[in-house]
1. Does residue 138 satisfy being in contact with a helix residue (DSSP H, G or I) (Cβ under 9 Å, 6 or more places away or on another chain) and free of Cβ contacts under 8 Å to residues at least 12 places away in the same chain?
2. Among the residues in the stretch 127-143, are any among the charged types (D, E, K, R) and closer than 30 Å to residue 21 by Cβ?
3. Taking helices (runs of 4 or more DSSP H) that do not extend beyond the stretch 1-110, which have at least 1 residues that are touching a Cys at 6+ places or on another chain (Cβ under 8 Å), surrounded by 13 or more Cβ atoms within 10 Å (Cβ to Cβ) and among the β-branched types (Val, Ile, Thr)?
4. Cβ-Cβ below 6 Å, separation at least six or inter-chain, first residue in the stretch 151-169 and under 15 Å from residue 98 (Cβ atoms), second among the hydroxyl-bearing types (Ser, Thr, Tyr): which pairs?
5. One residue is enough: does the stretch 158-170 have a residue meeting the conditions charged (D, E, K, R) and either in a helix (DSSP H, G or I) or at pLDDT 95 or above (or both)?
6. Is it the case, given these coordinates, that residue 186 is more than 28 Å from residue 80 (Cα to Cα), of a type in the set (Phe, Trp, Tyr) and touching a helix residue (DSSP H, G or I) at 6+ places or on another chain (Cβ under 8 Å)?
Amino acid sequence: MRQDVEALKRQCVLDEARRLFFTLGYHGTTMDAIADAVDMGKPFLYRHFRNKIELLVALYDHAIALSEDALDRALATRLNADETIRIFVRNYLGVVVTHRDIVAIFFRESLSVPPEKLLEIDRHKANFDQKLTAVIRGGIEAGSFRVSDARVAAFAVVGMINWSYQWYRESGSNTPAELGEMFGDFALGILKSGRVERAP
């Protein structure tokens, strides 16, 4: 029971850090401000996070986990490339627009992330890109997709979705589910157009 309470309080700290990093920026936020926001006192805060860097790294870990889960859930369906891409886009778009604060932090605050953590992030990105590229390459081999470079096509699909954190608002005319369907159509439109990839 005590562990559950501690975990809940720790999550409250992360939630407030996320809110403040998003609204004030990483450099504009102090540990004092986070402690005041959670109203649990500095001893509790420093018992879980020694400094702001640890909070930022924890948020980056969460962003990576959300992204990887969006792709892994699509891959787990073992459907054809068309459906896998559609499901991935729906999942990933959902992550970006419903967690747009943490996505914004991920893209804005990379200069504050320790170099060793950036290397770890790069490894996760490379693995993510390889998995998605393999799906697209499978679609090319099946004759469903017509793009000249599967890897670049993967970047195009992900980049299109990533940018939505900049403009999406809950008050907008489309729900995340509706946008997911629209973006799925856009992604498949990209992948089904162009030249057939030629073997190297």
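1. no
2. yes
3. 31-38
4. Listed by first residue and then by second, the contacts come to 161/92.
5. Among the residues of the stretch 158-170, not one is charged (D, E, K, R) and either in a helix (DSSP H, G or I) or at pLDDT 95 or above (or both), which makes the answer no.
6. no
The values are calculated or read from the model by the stated rules, or taken from the named source; none is laboratory data. All of these numbers come straight from a predicted model, not from anything done at the bench. We place every Cβ from the backbone using ideal geometry, glycine too, and count neighbours over all the protein chains shown.
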